[in-house]
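Novice: Sending over a structure as structure tokens; questions will come in a sec.
The values are calculated or read from the model by the stated rules, or taken from the named source; none is laboratory data. Here the structure is a predicted model, which is why all the values come from computation and not from measurement. Here the Cβ positions follow ideal geometry from the backbone for every residue, glycine too, while neighbour counts run over all protein chains shown.
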Amino acid sequence: MSDLISKRTRNAFREALVGWTISEIQTEFDNEGFTPNLNHDPGVSGMRRGLVEQIYQAIDFGDHRDVSRLLEVYQTVVATIRRDQPDLAGTLIDHLHRDGVDTEGPSFRLRSNTPAALRPLHAVAQALTAAQVHAQIARIDASIDRDPALAIGTAKELVETICKTILSDVGDEPRNMDLGDLVKRTTQRLSLT
């Protein structure tokens, strides 16, 4: 999975933290449960830069939970810097916006990565209350960028699941039908043809 926060943004925040004390840096990251990987040689100059890179080494930038916690740290950094260096704070916010971070409201957060075309499916899954449908939609969401073939295969399974759910609800039990026949029978039973 690709990084949810770009290296450019991480570097900008690292450089902004050079003006902080080691203790302040450690405290902010520790508040969100991040500890530095002290075995990592960051290959950067300066203790503060090195500490931030060691902390970054322990973060999975493709994991929404880790990134959400990191955004809590970044929000504090921006709020602190905004008092004395509003231009730098604006630059950091611009970096976050380019990464798709919503900086409005009480906390920074990733914007929904669910493509607009998939949003209606979430509503359908809620209405059907079918756990398998929810799982398939989540699998599609998670694999669009990192494994498009999985996303396509899961989309096919999703159509099959929905067709079978609909047919079952109307008292029709399809057996050993391929996808085309399932869709055809479903559209007929729903009078969509």
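Novice: From Glu15, Glu24, which residue is touching a Lys or Arg at 6+ places or on another chain (Cβ under 8 Å) and charged (D, E, K, R)?
Specialist: Every option except Glu15 fails the conditions.
Novice: For the subset of segment 1-60 comprising residues that are β-branched (Val, Ile, Thr) and more than 27 Å from the chain's Cα centre (by Cα), which member is surrounded by the fewest Cβ atoms within 10 Å (Cβ to Cβ)?
Specialist: Here the answer is Thr21.
This table checks each residue for (1) at pLDDT below 85; (2) within 33 Å of the chain's Cα centre (by Cα); (3) not in a helix (DSSP H, G or I).
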residue	(1), (2), (3)
Asp145	yes, yes, yes
Glu157	yes, yes, no
Ser168	yes, no, no
Asn176	yes, no, yes
Thr186	no, no, no
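Novice: Please go through segment 31-66 and give me each residue that is assigned to a loop (DSSP other than H, G, I, E, B) and under 15 Å from Leu4 (Cβ atoms), ordered by number.
Specialist: Once the filter is applied, which keeps residues that are assigned to a loop (DSSP other than H, G, I, E, B) and under 15 Å from Leu4 (Cβ atoms), segment 31-66 yields Ile59, Asp60, Phe61, Gly62, Asp63.
Novice: Right, next: Of everything in segment 112-138 that's over 15 Å from the mean Cα position of the chain (by Cα) and part of a loop (DSSP other than H, G, I, E, B), which residue is modelled with the lowest pLDDT?
Specialist: Thr129
Novice: So, one more: Any residue at all in segment 84-101 that's touching a His at 6+ places or on another chain (Cβ under 9 Å) and at pLDDT 90 or above?
Specialist: The answer is yes; a qualifying residue exists.
Novice: Among the residues of segment 85-111, write down those that are assigned to a helix (DSSP H, G or I), under 19 Å from the mean Cα position of the chain (by Cα) and touching a residue at least 40 places away in the same chain (Cβ under 8 Å).
Specialist: Selection gives His95, Leu96, Arg98.
A quick yes/no check of all residues on (1) touching a helix residue (DSSP H, G or I) at 6+ places or on another chain (Cβ under 6 Å); (2) assigned by TED's automatic domain parsing to the domain that holds His97; (3) aliphatic (A, V, I, L, M); (4) at pLDDT 95 or above:
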position	(1), (2), (3), (4)
Glu32	yes, yes, no, no
His40	yes, yes, no, no
Val52	yes, yes, yes, yes
Ala58	no, yes, yes, no
Asp66	no, yes, no, no
